[in-house]
Amino acid sequence: MADIKVDLIAPFIKATHSTFETMMATSLHRKEIYIKRGFKMFGEISGIIGLSGPTTGTCAVSLPGEFARRMVSEMLGEEVSGGLESSTVRDGVGEIINMVTGGAKAKLAKTEHRFDITLPTIIAGYGHEVYHRKGTQCLVVLFETDEQEQFTLDLAVRLR
């Protein structure tokens, strides 16, 4: 199994910072990077996008429910109620992963790591799991806000 390279992960990290700073006025700090063991997601709601092309796999953001609701509210400039049951929260998390992955895709478009993306899928519920294809390695980037709120970016890829 090939290791995930810095030149592949860095655009995803930059796109995550950019998305949260621009769309939600939220500063992030990269707290930790590690190889994931198992399939359990970090938060109560996850947005996932498939990658295809020379680089295949998935990219996901996984957020605690209340944090996701607040970020979507910030993004829309209005209060969103209803928690994870709200279609607005689910759509907002889909838009967050779409912006993160789209930002990385633009930065990698002319490299060996280029890829196409699918529509986002949203999975919600405490303890949910996302299974990765055999032969992929999942790198997790743990982010933290200035208010010590945390979420993850999971990148499970196989390089051709």
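The values are calculated or read from the model by the stated rules, or taken from the named source; none is laboratory data. From a predicted model like this one, the values you see are computed outputs, not experimental measurements. Cβ sites come from the backbone with ideal geometry, for glycine too, and all protein chains shown count toward neighbours. Accessible surface areas use protein heavy atoms only, side chains included; no ligands, DNA or RNA. Shrake-Rupley method; radii C 1.70, N 1.55, O 1.52, S 1.80 Å.
Observations on the model:
- Surface calculation, 1.4 Å probe, protein heavy atoms: Ser87 sits at approximately 60 Å² accessible.
- Taking the protein heavy atoms of region 1-143 in the context of the full set of protein chains, the accessible area attributed to carbon and sulfur is 51 percent at 1.4 Å.
- Potential lengthening of the chain between Ser87 and Leu119 amounts to 9.9 nm, from the contour at 0.36 nm per residue minus the alpha-carbon distance.
- Residue among Ala68, Ala106, Ala60 with the largest mean-square fluctuation in a Gaussian network model of the chain, springs linking Cα atoms under 10 Å: Ala106
- Extension gain, Glu32 back to Lys110 (0.36 nm per residue minus Cα-Cα distance, nm): 25.3 nm
- Net charge contributed by nearby residues that have their C-beta within less than 13 Å of Gly103 (K/R +1, D/E -1): +1
- Solvent exposure of the chain, expressed per residue, is 50 Å² of accessible area, with all protein chains present and a 1.4 angstrom probe.
- Share of pairwise Cα-Cα distances greater than 23 Å in the chain is 31 percent (whole percent).
- Helix 87-108 and the longest principal axis of the Cα set of the chain meet at an angle near 30°.
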